[in-house]
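Inspection log for the structure reproduced underneath, given as structure tokens.
The values are calculated or read from the model by the stated rules, or taken from the named source; none is laboratory data. Since the model is a prediction, treat every value here as computed from it, not as a measurement. In this analysis, Cβ positions are derived from the backbone assuming ideal geometry, glycine residues included, and neighbour counts consider all displayed protein chains. The protein model used for the area step is the full one, side chains on, heavy atoms only, and it has no ligands, DNA or RNA in it. Shrake-Rupley method; radii C 1.70, N 1.55, O 1.52, S 1.80 Å.
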Amino acid sequence: MPDLDSGHIFLTTMAPILPGAPQNDGDETAVSYEQRVRIALARLPTANQSPATEHGAFNSPFARNTRNHLARMFVLNDVIYNGRTTMNPVLAKLTGNNQMVPQSVDRLNAPYLVFCADVDAIVSDGDPLPTTLSADDQRKVRAAYARKLWDTMQEELRALYCNCYGFGDVTTADDFADYLDKCHVETTMPFHDYYLDLDKAAFNILPFKPLLIAVAVPLVVTLLALLLRLLGVDHMPLVGWSTFWSFVIGGLITGGVAFLAVKYAIWNGEKPLAPAKYDDLPSVLKALYIQQNFSEFFIENQGLPPDQLHAAFGDFVAQHKPQNRHSMTQKPGVISSQDPANVTT
């Protein structure tokens, strides 16, 4: 299913950027709308998630909520030209396709501000990740996420989207949700995979052998009826059916079953995967926090007698609360929880 997989919405929006530059009392050196978008993007702080940025004074505005697994924004000037659509020269000659005549090239009608995000498919913080959602429910999830963005980073969003078509009437979180919905483009490729145990994951395995048998049986009957008819046999052995009508009906059944098998394979491939047990962002952040602190616990308590180790582990559990995803956990957008400022207590 487009946009939804493993309990997450994989959002892509494309907002067309205005042409030219804003009027500035006749100033011909005014910065274009496209350049203004690039400047606003350059001013967005990078998340503190690498050794080069972990000590930065500011964090990414997308780290202000706990739904973003990934977020990326960039300007798309135009589509990439992949070269001429090739054709066999002999076939081109026979069909009158002049290979010296340039083919048409796809172009965008404007530069676009592209926004891609992988977010928990929830309407309210704390909701469980869904296995599947209707198109209307997906729209509600996207709208709830857009409102969350507006509430947490309105200033940055205004600096970016004020240079795009149709943003002039956006004044509220609901307006921004409607605006992003108009810019929405279906996404068919997930951005991440959190599955821990691939052997037990409920993947949508295609039942290839049953589908093959379902198509092969009427096909064999059809081919056998055709062969017997060509040999002058009027009736099928054992059952006594007309070889002609067996061929016709068998061919129709084969075609119908093959069509349904292809439709089923496509439907099976489009089904979203169920979310894994710990796929939501609060669980991921908690896992990172526990992983780092338990490593320290392991190092500090090596060689202790069993009773002391048991007591130390009890203190660890009481302090770090492994079952609580919202307390004693790593904040979004940081590289580690070793700094107390990076911990939600």
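The ellipsoid equivalent to the alpha-carbon distribution of region 1-110 has semi-axes of 40, 26, 14 angstrom, derived from the gyration tensor eigenvalues as √(5λ) and listed largest first. Projecting the Cα atoms of 340, 226, 97 onto the charge dipole of the chain (Cβ charges, centred on the Cα centre) puts 226 farthest toward the positive pole. Secondary-structure-derived ellipticity at 222 nm for the chain, considering helices only, amounts to -14000 deg cm²/dmol, per-run term -39500 (n - 2.57) for DSSP H runs with n ≥ 4. Less than 5 angstrom separates the built amide H of residue 235 from those of 243, all sequence-distant by 5 or more or on a different chain.
Where (i) 285; (ii) 143; (iii) 255 are the candidate values, the label of the one calculated here for volume of the Cα convex hull per residue in Å³ is (i).
Can you send over the carbon and sulfur percentage of the accessible area for region 28-140, probe radius 1.4 Å, protein chains only? All intermediate terms of the calculation are to be shown ahead of the outcome.
Working: 4020 of 7470 Å².
After summing per-atom areas, the C and S share lands at 54 percent.
Provide the gained length on full extension for the span residue 267 to residue 80, in nm with one decimal, where the gain is 0.36 nm per separating residue minus the Cα-Cα distance. Please report the intermediate quantities before stating the final value.
Details: separation 187, 0.36 × 187 = 67.32 nm, distance 3.05 nm.
Working it through step by step, the gained length comes to 64.3 nm.
Over region 251-310, what percent of the accessible surface lies on carbon and sulfur atoms, probe 1.4 Å? Looking at region 251-310 in its full context, I get 68 percent from C and S.
Using amide H atoms built in the peptide plane, which far-off residues or other-chain residues are under 5 Å from residue 48 H to H? Amide H neighbours of residue 48: 60.
Note on residue 140/residue 298: beta-carbon distance plugged into 1/(1 + (r/R0)^6) with R0 of 30 Å gives a FRET efficiency of 0.10. Working note: Karplus 6.51/-1.76/1.60 with θ = phi - 60° gives region 85-90 the couplings 5, 6, 8, 4, x, 5 Hz, where Gly and Pro are set to x. Stretched out straight at 0.36 nm per residue, the stretch from residue 97 to residue 220 would grow longer than its current Cα-Cα span by 40.2 nm. Amide H to amide H, with H built 1.01 Å from N, residue 5 comes under 5 Å of 10, counting only residues 5 or more places away or on other chains.
Determine the dipole magnitude for the chain: charges of +1 sit on the beta-carbon of Lys and Arg, -1 on that of Asp and Glu, nothing else is charged, the reference point is the Cα centre, and the result goes in debye to the nearest 20.
Charge dipole, the chain, about its Cα centre: 1100 debye, nearest 20.
Length gained on full extension, residue 14 to residue 307, computed as 0.36 nm times the residue gap minus the Cα-Cα distance: 99.5 nm.
Which whole DSSP H helices in the chain pass both tests: a Cα extent of 18 Å or more along the axis and a mean Kyte-Doolittle value no lower than 1.0? Each step should come with its number before you reach the end.
Details: long enough: 135-161 (31 Å, -1.04); 208-230 (32 Å, 2.23); 243-270 (40 Å, 1.05); 281-300 (29 Å, 0.44); 306-320 (21 Å, -0.23).
Sorted by number, the helices that extend far enough and score high enough are 208-230, 243-270.
Taking the Cα centre of region 244-329 as reference, the dipole from Cβ charges on Lys and Arg (+1) and Asp and Glu (-1) amounts to some 500 debye.
Across region 335-343, computed HN-Hα scalar couplings (Karplus, 6.51 cos²θ - 1.76 cosθ + 1.60, θ = phi - 60°) run 7, 7, 10, 5, 7, x, 5, 8, 10 Hz from first to last residue, x flagging Gly and Pro. Charge dipole (Cα centre; +1 on Lys/Arg Cβ, -1 on Asp/Glu Cβ; no other charges) of region 185-306 amounts to roughly 640 debye. In summary, the lysines within cross-link reach of residue 140, defined as a Cα separation below 16 angstrom excluding same-chain residues under 8 places away, comprise 148, 182.
The lysine pair count for region 242-345, using Cα distances under 15 Å and pairs eight or more places apart or on different chains, is 4. Using the 1.4 Å probe convention, the accessible area of the chain works out to 62 Å² per residue with neighbouring protein chains retained.
For region 249-319, the residue among 256, 309, 293 whose Cα projects farthest onto the positive side of the dipole built from Cβ charges is 256.
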